[in-house]
Structure formats: structure tokens, C-alpha cells
Amino acid sequence: MRFCNYCIIDGELRPMMDSLQTEDSCPLCGSRRARIYDTDEPGGLVGIAETFERLIEIYTPQSLLPPDFPSDERRLLVSELTDRWHIFNPQLSSTHVYNIIRTVCEDKYRSMPSLFDAPVGIAELNDRAYLEHHSLLRSHSWDDFVNSVKRHNRFHTHHIALDLLKRYCSFIRKVYKKGTVFYRGRISGEEGFPPGQMSAPPTELVTAGRANSAGIRCLYLASDVETTIHELRAGIFDYVSIGRFELTEDIVVVDLKDIDHISPFIDGLDPVEHAINKEHLKRINMEIGRALRRSDSPLDYIPTQYIADFIKSITHDGKPEYAGIEYNSTLNKNGLNLAIFYPELFECRAVEVVHINELKYTIESY
């Protein structure tokens with residue numbers, strides 16, 4: 001069985017594959033000049049079978065699961081490895097993935113073929129006592145958490161395990177170097193705004209946002225001009241001042257875009273605990289980036305403000321650990337956004353005024 005480094009997209013396994021010496025075209029994904037792993041050759045990748053087996057062992061064959069185990073959590077191992085864990089290149093077929101995992105874990109397949117050939121599940125997903133101690137939302141749902149912070153206790157809810165959230169944040173640290181450029185827009189007149197008026201508004205004018213409460217400054221930036229205009233929701237014939245912001249020192253942010261793509265192979269990470277939190281982590285990313293409608297209430301920002309405030313509160317040696325959070329733009333699928341807790345970290349170097357002369361709409365029937 002031959003496959004290559006491009007067949008693997010997991011952040012922990014990919015470097016192992018990149019270290020392979022054999023270079024050739026891949027028979028599975030078609031990549032040229034790829035690093036090839038041949039399971040029939042002696043030596044190969046030391047420990048790759050054991051690495052996969054540690055993950056596979058968190059699963060229980062369907063025949064051994066309790067009768068009340070949720071039917072929608074019973075899936076083939078191939079689906080789990082691709083959809084839940086994002087280990088393999090999505091261009092690979094399920095047959096390719098099956099053949100890779102069966103060949104690499106040949107001994108495991110011989111001893112328990114039902115793990116590979118029949119639906120499996122993670123028993124702890126249905127264990128209320130385990131969830132209470134290991135789930136990010138304990139035994140609650142995301143909607144329970146939202147209701148708690150919006151309607152009952154805004155600052156000290158017990159519906160979310162903050163120690164777990166802190167640990168997951170440490171797995172998705174992202175460094176930005178001094179000089180990195182991002183953008184911010186303001187709807188303006190034809191004359192535009194000067195650079196000194198392009199940063200976050202003064203405290204007394206700050207309104208609530210997805211990562212800040214009213215009165216707390218936060219600088220919202222976008223990766224490019226197009227995303228900036230989309231996020232601003234500029235209208236036809238508007239003039240928009242686009243500020244070019246430059247980072248004044250190295251910083252670390254929490255990259256929430258990757259919060260549900262954390263590798264299950266990271267040292268010290270409990271794959272069972274990780275598995276039961278995957279959907280919670282995915283929901284956090286989705287909610288942080290979700291665009292509110294004009295009719296939505298400022299209360300709808302409270303759950304993500306709670307999470308952002310906690311991330312802002314994390315310290316190391318008495319200093320803030322993170323300068324902000326990064327998340328996907330839902331208004332421009334190719335863009336990303338930054339919410340910077342300390343606006344002084346970026347300086348507006350230049351301003352360009354653009355004119356919106358065309359809008360395109362897409363509609364969806366309900």
C-alpha cells in the first residue's frame with residue numbers, strides 16, 4: 001500500500017509524512033513529487049501504527065454499545081477519521097481511507113475487524129457522569145449555556161468548564177509578527193477619515209460587539225479589503241474609508257478557526273475528552289463568526305462576549321497571554337477577522353477611500 005504526505009492533512013501526522021525520503025507520484029491523490037510511504041517496505045514510519053491505534057481504541061463496536069446509545073453517533077470508522085478528526089485529504093475516497101487505515105493497522109484489524117468494518121461509537125458520549133467532568137459544557141447544551149448567560153447569571157455561569165476552554169486555547173495559539181498588515185473600514189464621506197480616526201472608538205462611544213461589551217474597546221480588523229467591506233455591510237453608493245493597520249509588536253492570538261480541527265494526536269491530549277467536545281468547539285467557532293441581523297438583539301452577543309472576555313483574562317507570568325481572537329468571516333468565505341483586545345497594538349498607517357458602485361445579492365427561499 002502506497003500513499004503520500006498530501007494524503008494526510010492532520011497537523012501532527014503531516015510532519016512525520018513530510019520526513020519520508022522516497023519521492024514519487026502518489027497513486028491515491030495524484031500528487032506529484034510527493035513523499036511516499038510504502039507499507040510493504042521494512043522500516044517505514046516508526047510508530048505510525050501505534051499512533052493510529054491509540055485513537056481507534058477509543059471506539060467501541062456497535063455490537064458492544066448499550067441499546068440506548070444514540071443512533072446518530074454510530075458511524076463507520078472511516079467517517080470518523082475523515083469527518084470528525086479531519087485526518088485525511090478530503091479528495092480521497094472512503095475506499096482509499098479504509099485501505100490506508102486497514103493496512104497501517106493490520107494487527108489491530110486481525111484482532112478486531114468489527115472496528116473497521118461495522119459502525120462504531122464512543123461510549124462516553126452517552127455517559128452522563130463522564131460528561132459532567134469532561135465536557136466543555138458539562139452535561140448541558142449550547143442553548144443551555146446561552147440561556148444561562150443571557151437570562152440568569154451573566155458573569156459566573158457554571159454551564160461551561162473554563163479550565164477546559166483554557167486548555168483548548170493553548171492548542172490553537174497563532175503568532176503574528178511585528179509589521180503584519182490588517183484592515184478596518186468606516187463608512188464615510190467622499191473626503192474620508194484621517195488615520196487618527198480609524199482605530200477603535202473611544203470608551204464612551206464603544207457599543208457591544210461579538211467580542212466586547214459596551215464600553216470596552218476592541219479593535220475589529222479583517223485580512224483584506226474585500227472582507228473589510230463585506231463585514232461593514234456597506235450599501236450601494238457608500239464611500240468607505242479603508243485603514244491599513246500595521247502590527248507594532250509580535251503577538252499571540254487564539255485562532256478559533258481551528259478550534260474544531262485540533263489534532264487528536266497532540267501529546268497530553270485525551271482523545272476521548274476531545275471527541276466529546278468536538279461539536280462544542282465547532283459551535284464556538286460558528287457563533288463567534290456569525291453575522292447578526294439588524295433585527296437581532298445586543299443580547300445575542302453575550303455568549304461570545306463571555307468566551308472572549310475569558311480568553312482575554314488568561315495570563316502568563318502576570319501578563320496577558322493572548323492579544324485577541326481570530327475567526328472566520330461568514331460574510332466573505334475567503335476572509336478572516338481579528339478581534340484585538342488592545343487596540344494600541346495596531347497603528348493605522350494609511351487610509352484609502354473607496355466608492356461602492358455595485359452590489360450583488362443571493363437569495364434563499366424558506
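The values are calculated or read from the model by the stated rules, or taken from the named source; none is laboratory data. Quick caveat: nothing in here was measured; it's all calculated off a predicted structure. All Cβ positions, glycine included, derive from the backbone under ideal geometry; neighbour counts span all protein chains shown.
Annotations for the structure displayed:
- From the options 263, 297, residue that is small (Gly, Ala, Ser) and under 19 Å from residue 149 (Cβ atoms): 297
- Selection from region 156-180 of residues that are without any contact (Cβ under 8 Å) to a residue 24 or more places away in the chain and among the polar types (S, T, N, Q): 170
- Residue among 94, 25 that alone is farther than 27 Å from residue 267 by Cα, modelled with pLDDT of 95 or more and under 27 Å from the mean Cα position of the chain (by Cα): 94
- Selection status of residue 138, buried (at least 16 other Cβ atoms within 10 Å of the Cβ), in contact (Cβ under 8 Å) with a residue 12 or more places away in the chain and on the phi > 0 side of the Ramachandran plot: yes
- Residues that are out of contact with any helix residue (DSSP H, G or I) (no Cβ under 8 Å at 6 or more places or on another chain) and farther than 30 Å from residue 164 by Cα occur in region 116-137; there is at least one.
- Test: residue in region 289-300 that is under 16 Å from residue 142 (Cα atoms) and of a type in the set (A, V, I, L, M, F, W, C): yes
- The condition of being surrounded by 14 or more Cβ atoms within 10 Å (Cβ to Cβ) and within 25 Å of residue 77 (Cα to Cα) holds for only one of 114, 148, that being 114.
- Options 103, 51, 95: the member that is in contact with a Ser or Thr (Cβ under 7 Å, 6 or more places away or on another chain), in a helix (DSSP H, G or I), of a type outside the set (Phe, Trp, Tyr) and on the phi < 0 side of the Ramachandran plot: 103
- For region 109-129, the criterion of being in a helix (DSSP H, G or I), outside the structural domain of residue 50 (by TED's automatic domain parsing), over 27 Å from residue 64 (Cα atoms) and not hydroxyl-bearing (Ser, Thr, Tyr) is satisfied by no residue at all.
- Restricting attention to region 15-30 and to residues that are surrounded by 16 or more Cβ atoms within 10 Å (Cβ to Cβ) and out of contact with any Cys (no Cβ under 6 Å at 6 or more places or on another chain), the residue that is farthest from residue 90 (Cα to Cα) turns out to be 20.
- For region 329-349, residues that are within 14 Å of the chain's Cα centre (by Cα) and among the β-branched types (Val, Ile, Thr) total 1.
- Within region 85-112, residues that are free of Cβ contacts under 8 Å to residues at least 60 places away in the same chain sit with their Cβ atoms under 6 Å from residues that are among the aromatic types (Phe, Trp, Tyr) and in a helix (DSSP H, G or I), at 6+ positions apart or across chains, in these pairs: 102/109; 102/116; 105/52; 109/116.
- Only listed residue being β-branched (Val, Ile, Thr) and buried (at least 19 other Cβ atoms within 10 Å of the Cβ), chosen from 46, 78: 78
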